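Shown next, in structure tokens, is the structure this report addresses.
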Amino acid sequence: ILRAGGFAAAVVSPKGFFLAEDVGQNAAIDKAVGSAILSGVDLKKTALMLSGKVTADMVKKSLNAGISVIASGYPATNLAAEAAAAGNLTLVSL
């Protein structure tokens with residue numbers, strides 16, 4: 001359960017959800033992606049859901065992992081949108 005002051009990230013795959021929380025959003029992403037990898041998930045068939053704003057670093061990290069979709073209920077930075085477009089990543093945010 002997400003507590004105040006923390007972030008959540010989830011890798012959504014045909015094998016299920018891989019949810020992680022941390023005080024840092026990048027660390028939460030690393031934990032969720034790592035959990036999915038350890039479970040044998042093909043990250044090319046996944047999406048990443050975030051509980052905070054999307055930055056260019058997060059887009060680059062997702063592209064490096066093979067993830068092609070990021071969704072967040074918070075806005076993405078302009079640099080994140082540019083990085084997503086350049087990497088052919090689908091970015092869904094407010």
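Consider residue 28 carefully, then state whether it is in contact with an Asp or Glu (Cβ under 6 Å, 6 or more places away or on another chain) and not hydroxyl-bearing (Ser, Thr, Tyr). Criteria met by residue 28. The set of residues in region 23-78 being in contact (Cβ under 8 Å) with a residue 40 or more places away in the chain and hydroxyl-bearing (Ser, Thr, Tyr) consists of 51 alone. On the basis of being in a helix (DSSP H, G or I) and surrounded by 15 or more Cβ atoms within 10 Å (Cβ to Cβ), does residue 85 make the cut? In short, no. Among the residues making up region 31-61, those that are crowded, with 16+ Cβ neighbours inside 10 Å and assigned to a helix (DSSP H, G or I) are 31, 32, 33, 35, 36, 43, 56, 58, 59, 60, 61.
Only a single criterion out of (1) part of a loop (DSSP other than H, G, I, E, B); (2) among the aromatic types (Phe, Trp, Tyr); (3) farther than 21 Å from residue 5 by Cβ is not satisfied by residue 17, namely (1).
For region 8-22, the set of residues classified as without any contact (Cβ under 8 Å) to a residue 24 or more places away in the chain and either in contact with a Gly (Cβ under 7 Å, 6 or more places away or on another chain) or loosely packed, with under 14 Cβ neighbours inside 10 Å (or both) consists of 16, 17, 21, 22, listed by residue number. Quick one: is residue 64 closer than 20 Å to residue 83 by Cα, surrounded by fewer than 17 Cβ atoms within 10 Å (Cβ to Cβ), among the polar types (S, T, N, Q) and over 10 Å from the mean Cα position of the chain (by Cα)? Answer is yes for this residue.
We did not get these values from a lab; they are worked out from the coordinates using the rules stated. Since we're looking at a predicted model, the values are computed, not measured. Here Cβ is always computed from backbone atoms with ideal geometry, including for glycine, and neighbour counts include all displayed protein chains.
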